[in-house]
Amino acid sequence: LRKLIAEPQRVATLRKRAAFFLARCREEGLDTGASADTPVIPVIVGDSLRATRLAAMLLAAGVNVQPMVAPAVANRAARLRFFVAGTHTVQELSQTVRLLVAAMHQLDADPSASESPTRDLSSTVPA
């Protein structure tokens, strides 16, 4: 608590980073539900298997995100749950959104794409 009082910019930075990530997700057409004013941002992906596959693909690309799957949420509401930190850079957050979009497109094009967990997403992500 003392640190937050002494360094209020930490909270301001966290809020800015979370708002930036949420805006980037929405710009890409990702379903973030009713998310607002929080650094915990869901991206609803539609089913538990898809959420699990996307999480594995992103982990292989260096992004640690947890899938929230049935029975914790309804299967149709399965999601990836991103935790934004004030220490994340704008570049890291932008890259995460690009990697997620690339992984989703890859899975849409080839549902077996995630069967190789070391699959390289970097070649599919525009800089």
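The values are calculated or read from the model by the stated rules, or taken from the named source; none is laboratory data. It should be emphasised that the depicted structure is a prediction, and the values quoted were computed from it without experimental measurement. Counting neighbours? That spans all protein chains shown, and the Cβs are built from the backbone with ideal geometry, glycine included. The area values use the complete protein model at the heavy-atom level, side chains included, leaving out ligands, DNA and RNA. Shrake-Rupley method; radii C 1.70, N 1.55, O 1.52, S 1.80 Å.
Specify whether the C-alpha gyration tensor of the range 34-101 places it in the rounded, prolate or oblate class, a ≥ b ≥ c being the square roots of the eigenvalues: rounded for a/c under 1.5, otherwise prolate if a/b is larger than b/c and oblate if not. In terms of gyration-tensor shape, oblate. The phi torsions of the range 25-40, fed into the Karplus equation with coefficients 6.51, -1.76 and 1.60 and a -60° offset, translate into couplings of 4, 5, 4, 7, x, 7, 7, 9, x, 9, 4, 6, 6, 8, x, 9 Hz, rounded to whole numbers, with Gly and Pro shown as x. With a Förster radius of 35 Å applied to the beta-carbon distance between Lys3 and His105, the computed FRET efficiency rounds to 0.25. Residue ranking by accessible heavy-atom surface, 1.4 Å probe, largest first, among Asp31, Asp108 comes out as Asp108, Asp31. Remark: C-alpha extents of the chain on the principal axes read 50, 35, 24 Å, sorted largest to smallest. The three principal axes of the Cα atoms in the range 1-72 give end-to-end lengths of 44, 26, 23 Å, sorted in falling order.
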